[in-house]
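Here, each number is a calculation from the coordinates, and none is a lab measurement. Because the structure is a prediction, the values reported are computed rather than measured. Cβ: placed from backbone, ideal geometry, glycine included. Neighbour counts: every protein chain shown.
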């Protein structure tokens, strides 16, 4: 039963296409990266792990557009397959941290009292651990790879989401529509999940989009220092690490191509996230 | 009295946070399933002597809480345990590595302060003009560059192509050491310059619109005096706050940069210790970074009311 029409949602304002060129370019960049990650087995010209020692550090040729690395592997193919782990890691972190953060933020705002105070304390403690540091500690405990850092970074980012959700919900629940549902006998949990949550989601989504960029940079850095994705798996951070020898000897491309990919994605995500938050009236605290 | 209350409360929070962090860092080991001896001796030969040594060193035959109390007690005496890879006290290993990290962070800090403040002030004073727009665009770009990307690009351009700077190692002696730190400190500073510049700009703009600035200008004070005494001083609060947050980022990012440039500092020691399964060193460095971070933020919180007494008044009124 629907006693009241759903409150005017902010989502609608997102649908207005008032996009700037920069925003569109960023969307296209992000789309290209996502498509090449998903369709890498079809689109990639070579197997990313095939070693060709007769054709090492070839530089750009018609056969290898971005050249080959120190083991003769095709850089373009490795970039496309590398997009998979490079994008999947941050995606998992963003989904996990957003889910945990929404849950804790809702509980803190809705229940208030000692629970709210306790959660605030725990968040304060976690803020003292930079995400990358927590990820490094997790690798020290559970071993190299993507699994431990992804979980550690989800825990590190959840408090940021939770604090945002809490502050939004605390304001939102004072609005008349919440009281109106209350009066009609709807349960608090139903109002929180079905009516309040959808109203705060766009702002949370914008923040999570920005988080995606930070997490991508952190996870790439982790693979770059050799603690994340391990050889021979293609990953942008790991590729830069593997190509450092070539870089020192003057072969820039094998290290520079994944570097540029990281920067492009991070900038594109930043622009997309900020555009979202601008459209919402800049509700995201810096 | 108000100031006393504020200081006492901040110090209380500091102690609680450090205590909780020590719990988290110590008991994180309990998250690893299986035998703690096997965990600590991963990748090493589990000879009876090694097992006996590690059991004695960590007190593994005692209950976990007893181990924690012993560990904490030792911390207060400056004993951080023994490194498994160097077979030396962790304190000794850290002391060896400290100068490089200290030099790197100080150099980067100076760069961040000078460039960040300058860019922010210039942008704010030229609001909406070309200089402002150029700085904003540049800072948005810089802010999106992770420190390891900065390191790779700087190595490619200034070390490999131009050959102006060394690309690897810590160098010998003081002058050579500083020379080896120039590219790394730039790589470390880039992202944070953007952060400080953006906060400085928005904080200055906020002040420039205030009535007291208008009054000062209409009283005929020279522009430079208005900016320095009335705008910049009042704009310090947010800049200081962001500097506190920045310290943790700097320390963590220094491990990436040190690794990229092959510098023998605390950060690369952390990475190396994770790689070589030397948990006592990892534990010590993680706790150290968290303590420094919390300490700096407490200092920043305490400085704020000295610069702007209204902060103290506001905190007491709450």
Counting only the backbone N, which residues of region B:231-275 are under 12 Å from the spot 7 Å out from the Cα of residue A:248 toward its beta-carbon?
B:260-263
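Based on the Cβ-Cβ distance of residue B:37 and residue B:295, what FRET efficiency does E = 1/(1 + (r/R0)^6) give at R0 = 51 Å, to the nearest 0.05?
Working: r = 34 Å, r/R0 = 0.67.
In this case the efficiency is close to 0.90.
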Expressed as a fraction of 2.2 N^0.38 Å, the rule-of-thumb size for a compact globular protein of N residues, what is the C-alpha radius of gyration of chain A?
1.18
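Ranked by Cβ crowding within 10 angstrom, fewest neighbours first, how are A:129, B:58, B:192 ordered? Can you show the working numbers first?
Details: A:129 24, B:58 20, B:192 27.
The order, fewest Cβ neighbours first, is B:58, A:129, B:192.
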As I understand it, the value is the acute angle between the Cα axis of helix B:266-275 and the longest principal axis of the Cα atoms of chain B; what does it come to in degrees, rounded to 10?
40
Note down the nm distance, to one decimal, between modelled labels 7 Å out along Cα→Cβ at residue B:308 and at residue B:275.
4.5
Quick one: Debye curve from the alpha-carbon atoms of region B:99-317 only, equal weights, vacuum; give me log10 I(q)/I(0) at q = 0.09, 0.14, 0.16, 0.17 Å⁻¹ to two decimals.
-0.45, -0.93, -1.11, -1.18
Take B:45, B:62, B:10 and order them by how many other Cβ atoms sit within 10 Å, fewest up front.
B:45, B:62, B:10
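Seen from all sides and averaged, what is the projected area of the convex hull of the Cα atoms in the protein assembly as shown, in nm²?
Details: hull surface 136.8 nm².
The orientation-averaged projected area of the Cα hull of the protein assembly as shown comes to 34.2 nm².
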Counting partner chain Cβ atoms within 10 Å of every residue's Cβ in B:148-160, what's the average?
6
Per 0.36 nm of contour for each residue apart, how much would the distance between residue B:212 and residue B:49 grow if the chain were fully extended, relative to their Cα-Cα spacing?
51.3 nm
In what order do B:180, B:230, B:77 fall by count of nearby beta-carbon atoms within 10 Å, going from fewest to most?
B:77, B:230, B:180
Taking R0 as 45 Å and r as the Cβ-Cβ distance between residue B:219 and residue B:3, the FRET efficiency 1/(1 + (r/R0)^6), rounded to the nearest 0.05, comes to 0.90
Which FRET efficiency value, to the nearest 0.05, is calculated for residue B:23 and residue B:160 with the Förster distance at 51 angstrom and r the Cβ-Cβ distance?
0.65
Please grab the % of Cα pairs in region A:20-141 that end up more than 19 Å from each other.
67
Which residues in region B:50-68 have a backbone N closer than 12 Å to a point placed 7 Å from the Cα of residue B:30 along the Cα-to-Cβ line?
B:63-68
Counting each DSSP H run of 4 or more residues in the protein assembly as shown as -39500 (n - 2.57), what helix-only mean residue ellipticity at 222 nm follows after dividing by all residues, to the nearest 500 deg cm²/dmol?
-23000 deg cm²/dmol
Tilt relative to chain B, helix B:130-143 - C-alpha long axis, 0 to 90 degrees, to 10
10
For chain A, take the longest principal axis of its alpha carbons; what is the angle in degrees between that and the long axis of helix A:131-142, to the nearest 10 within 0 to 90?
70
Under a crude label model (7 Å from the Cα following the beta-carbon direction), how far is residue B:113 from residue A:117 in nanometres?
4.0
Which whole-number percent is the relative contact order of region B:12-168 (Cα, under 8 Å, 6+ apart)?
7
